[in-house]
Amino acid sequence: MSEAKRLAGEKAIDYIEDGMIVGVGTGSTVAYFIDALGRIKDRIRGAVSSSQQSTQRLQMHGIEVLDLNATGPLSLYVDGADECDPHKRLIKGGGAALTREKIIAEASEKFVCIIDPAKRVDVLGRFPLPVEVIPMARSLVARQILAKTGGHPVWRDGVVTDNGNVVLDVHNLSITDPVAMEALLNQIPGVVSVGLFARRPADVVIVGGEPPLVL
Ligand code: 5RP
């Protein structure tokens with residue numbers, strides 16, 4: 001599958017324009033994108049990063065990492081996903097970077113999502129839905145998720161996000177209305193963000209393959 005991830009990551013370079021500041025997501029597919037970006041780094045002004053992991057890799061390639069507060073809106077964001085439905089709505093957060101990923105997606109005019117073919121689904125929810133939670137609210141949020149959705153939240157024990165929070169992975173969901181589910185979960189006090197990218201889906205999806213499929 002890593003070959004498909006590499007092909008998707010490298011194809012996303014087609015969306016780079018000279019002088020851009022590029023929003024960069026997190027994960028193993030994005031790592032291939034960052035490596036490809038490193039090869040053309042003189043064409044870009046820098047990047048806004050969604051995680052410490054991606055920041056390290058960008059800096060290793062000599063790409064300047066900028067603060068979103070200083071850059072303002074971005075024209076392009078490139079990120080992976082854990083699941084993608086036919087409407088380009090996504091589950092993300094397998095790498096626990098969902099909050100910063102959501103912020104950068106919102107700040108960007110175009111969101112290009114890079115995936116391997118196994119990530120394509122008809123209905124979201126087979127992959128447990130990550131929810132970032134303020135630590136003191138973990139049990140409260142877990143009880144409310146169970147009551148409101150019937151899904152089974154599991155604490156991702158030992159994981160602390162870049163923002164100092166914890167992650168609940170919600171199992172046994174079949175998300176037939178992702179926009180409604182995103183809104184419902186966002187309303188629970190203590191929820192920082194939900195790994196559903198439905199209200200703001202991807203604009204373009206690149207499925208790695210020979211050749212890559214652009215949706
Ligand atoms: C990180 C993410 C990733 O994009 C998602 O987990 C996919 O990762 P990978 O490219 O390693 O399969 O949302 O929070």
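The values are calculated or read from the model by the stated rules, or taken from the named source; none is laboratory data. The structure displayed is predicted, hence computed values, not measured ones. Positions of Cβ are generated from backbone atoms using ideal geometry, with glycine treated the same way; all protein chains shown enter the neighbour counts. These area figures cover heavy atoms from the full protein model, side chains too; ligands, DNA and RNA do not enter into them. Shrake-Rupley method; radii C 1.70, N 1.55, O 1.52, S 1.80 Å.
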- prompt: Angle between the Cα long axis of helix 28-39 and the longest principal axis of the chain, 0 to 90 degrees, nearest 10?
  reply: 20
message: Between helix 138-149 and the chain, what is the angle of the helix's C-alpha long axis to the longest principal axis, kept within 0 to 90° and rounded to the nearest 10?
response: 80
- request: Evaluate E = 1/(1 + (r/R0)^6) for Asp35 and Trp155, where r is the Cβ-Cβ distance and R0 equals 45 Å; express this FRET efficiency to the nearest 0.05.
  value: 0.85
query: Using the C-alpha atoms of segment 129-194, what convex hull volume per residue, in cubic angstrom, is computed?
result: 73
statement: Per DSSP, the loop-located GluC sites (Glu not before Pro) within segment 1-70 having at most 13 other beta carbons within 10 Å are Glu17, Glu64
statement: Out of Val30, Val191, Val154, a Gaussian network model of the chain with alpha-carbon springs under 10 Å gives the largest mean-square fluctuation to Val154
message: Quick check: the distance between the Cα centres of segment 94-152 and segment 26-66, to the nearest angstrom?
response: 23
message: How much accessible area per residue does the chain have, counting only protein heavy atoms and a probe of 1.4 Å, in square angstrom?
response: 45
field: Within the accessible area of segment 129-194 (1.4 Å probe), percent carbon and sulfur
entry: 56
task: Under 1.5 on a/c is rounded, so check that first for segment 57-215, then, if it is not, pick prolate when a/b is larger than b/c and oblate when it is not; a ≥ b ≥ c are the square roots of the alpha carbon gyration tensor eigenvalues.
output: oblate
- prompt: Tally Lys and Arg at +1 and Asp and Glu at -1 over the other residues with C-beta under 9 Å from the C-beta of Pro201: what net charge comes out?
  reply: +2
task: Assuming R0 = 25 Å, can you tell me the calculated FRET efficiency for the pair Glu109 and Ala180, based on Cβ-Cβ distance, to the nearest 0.05?
output: 0.45
message: Accessible area of segment 1-100 with a 1.4 Å probe: how many percent of it is carbon plus sulfur?
response: 44
task: Name the most mobile residue of Asn165, Asn69, Asn186, meaning the one with the largest mean-square fluctuation, in a Gaussian network model of the chain with Cα contacts below 10 Å.
output: Asn69
task: Sum up the charges of everything whose Cβ sits under 14 Å from the Cβ of Ala96, counting Lys and Arg as +1 and Asp and Glu as -1, but leave Ala96 out.
output: -3
